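Here the structure is laid out as C-alpha cells; the discussion comes afterwards.
The values are calculated or read from the model by the stated rules, or taken from the named source; none is laboratory data. Because the structure is predicted, anything quoted here is derived from the model rather than measured. Backbone-built Cβ (ideal geometry, glycine too); neighbour counts: all protein chains shown.
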Ligand SMILES: NC(=O)c1ccc[n+]([C@@H]2O[C@H](COP(=O)([O-])OP(=O)(O)OC[C@H]3O[C@@H](n4cnc5c(N)ncnc54)[C@H](OP(=O)(O)O)[C@@H]3O)[C@@H](O)[C@H]2O)c1
C-alpha cells in the first residue's frame, strides 16, 4: 500500500491527483494537504474517494508543513513513498505584463515577486524539508514538483511568450531547487524531478479575451494544438512519468511525456 502525499490538493490538478490515485488502486494511501480542509473534505466525501485523508498546510507557512508531515506520519505509520508538491501562486495582478509593462509599476513587480517566490519556491523547499524524513524510510523515495513549460527558455523564445514573468521565474527557480535537492539526497537514493503537466483544463472559465491572451503563445508553439488537456489525462501522464523515472533523470525538468516535448508538438 504505497503512501502518496499531494501538497496543494484542494482543487484543479492537485484534487485530480487524489481522484486518480484513489481510483487507480484501492490500496493506495493518499494524503492531500489543503488550506481549506473542511471544503476539501466535503468534496472528497461527495466524490466517494476511498483512502484519502486531508490535512491542513499552507505553503507560505513552514510550521504548517511540519505539522502536516507529523499528521501524515500518524496516518501512514511514519513512511511516505511519493511526494508531489503541486500548489502554486500565479501572480495574477502581473500575469499579462511583459517586462516593459512594469515601468512605473516597480513596487507591484517586487511585491508579486516576493509572494510568488515565497509560495512556489520557498514553499516547495519547506514542503520537501518537512516530508523528506518520511520518504527516507520508504523503499520507493520519489519526490516531484509540478512545474511548467513557462520556465523553459526554448518555449519562451520559440512561442514568443513575453508575459507571465513572475510565474516563469518562480518555476525556473523551482526547477533549480529540485536539482539542488537531487544533489543533496542522491546518496540516500531519493529521486527528485520537476514535471510540467502540459496545458491543462483547470482555468477554462476565464473570459474569452483572457483565454485568448493565455493561449496565443501556446498555439504559436504547437500549431496542431487542439486546446487544453483534460486534467484526468494530464495527471495519468504525470503519474506515469513518476512511475517510470530512472536514476539518470534525477534532478531533471521533464514534461508530461517524460521528455522535453512541452505540449503535443512533434
Ligand atoms: N493548468 C495548467 O495549464 C498548468 C500548466 C502548467 C503548470 N501548472 C501547474 O500545475 C499546478 C496546479 O495548477 P492548477 O491548474 O490545478 O491550478 P489551480 O486550479 O488554480 O489550483 C492551484 C492549487 O494551488 C493551491 N495553492 C495556492 N497557494 C497555496 C498555498 N499558499 N499553500 C498551499 N496550496 C496553495 C490552491 O489551493 P487553494 O484552494 O487553497 O487556493 C490550489 O489547490 C501548479 O503548480 C501550476 O503551476 C498548471
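Restricting attention to segment 148-156, does a residue exist that is away from the ligand (no atom under 14 Å from the Cβ) and over 26 Å from residue 186 (Cβ atoms)?
yes
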Qualifying residue in segment 141-152 (condition: buried (at least 17 other Cβ atoms within 10 Å of the Cβ) and farther than 23 Å from residue 235 by Cα): no
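Checking the condition assigned to a helix (DSSP H, G or I), away from the ligand (no atom under 13 Å from the Cβ) and over 26 Å from residue 33 (Cα atoms), which residue from 96, 109, 128 passes? Show your work before the answer.
On the way: 96 fails: assigned to a helix (DSSP H, G or I); 128 fails: over 26 Å from residue 33 (Cα atoms).
Only one candidate qualifies: 109.
Matching residues to (1) modelled with pLDDT of 95 or more; (2) surrounded by fewer than 24 Cβ atoms within 10 Å (Cβ to Cβ); (3) over 16 Å from residue 144 (Cα atoms); (4) away from the ligand (no atom under 11 Å from the Cβ):
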residue: 10; (1), (2), (3), (4): yes, yes, yes, no
residue: 38; (1), (2), (3), (4): yes, yes, yes, yes
residue: 45; (1), (2), (3), (4): yes, yes, yes, yes
residue: 56; (1), (2), (3), (4): yes, yes, yes, no
residue: 59; (1), (2), (3), (4): yes, no, no, no
residue: 77; (1), (2), (3), (4): yes, yes, yes, yes
residue: 89; (1), (2), (3), (4): yes, yes, yes, no
residue: 100; (1), (2), (3), (4): yes, yes, yes, yes
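Out of 241, 210, which single residue is under 28 Å from residue 113 (Cα atoms) and either within 15 Å of the chain's Cα centre (by Cα) or surrounded by fewer than 19 Cβ atoms within 10 Å (Cβ to Cβ) (or both)?
On the way: 241 fails: under 28 Å from residue 113 (Cα atoms).
Being under 28 Å from residue 113 (Cα atoms) and either within 15 Å of the chain's Cα centre (by Cα) or surrounded by fewer than 19 Cβ atoms within 10 Å (Cβ to Cβ) (or both) holds for just one of 241, 210, which is 210.
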Residue identified as outside any loop (DSSP other than H, G, I, E, B), more than 8 Å from the ligand (Cβ to nearest atom) and touching a residue at least 40 places away in the same chain (Cβ under 8 Å) among 18, 65: 65
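Would you say residue 223 is more than 14 Å from the ligand (Cβ to nearest atom), more than 20 Å from the chain's Cα centre (by Cα) and in a loop (DSSP other than H, G, I, E, B)? Walk me through it before giving the result.
Values: more than 14 Å from the ligand (Cβ to nearest atom): yes; more than 20 Å from the chain's Cα centre (by Cα): yes; in a loop (DSSP other than H, G, I, E, B): yes.
Considered against the rule, which asks whether it is more than 14 Å from the ligand (Cβ to nearest atom), more than 20 Å from the chain's Cα centre (by Cα) and in a loop (DSSP other than H, G, I, E, B), residue 223 comes out as yes.
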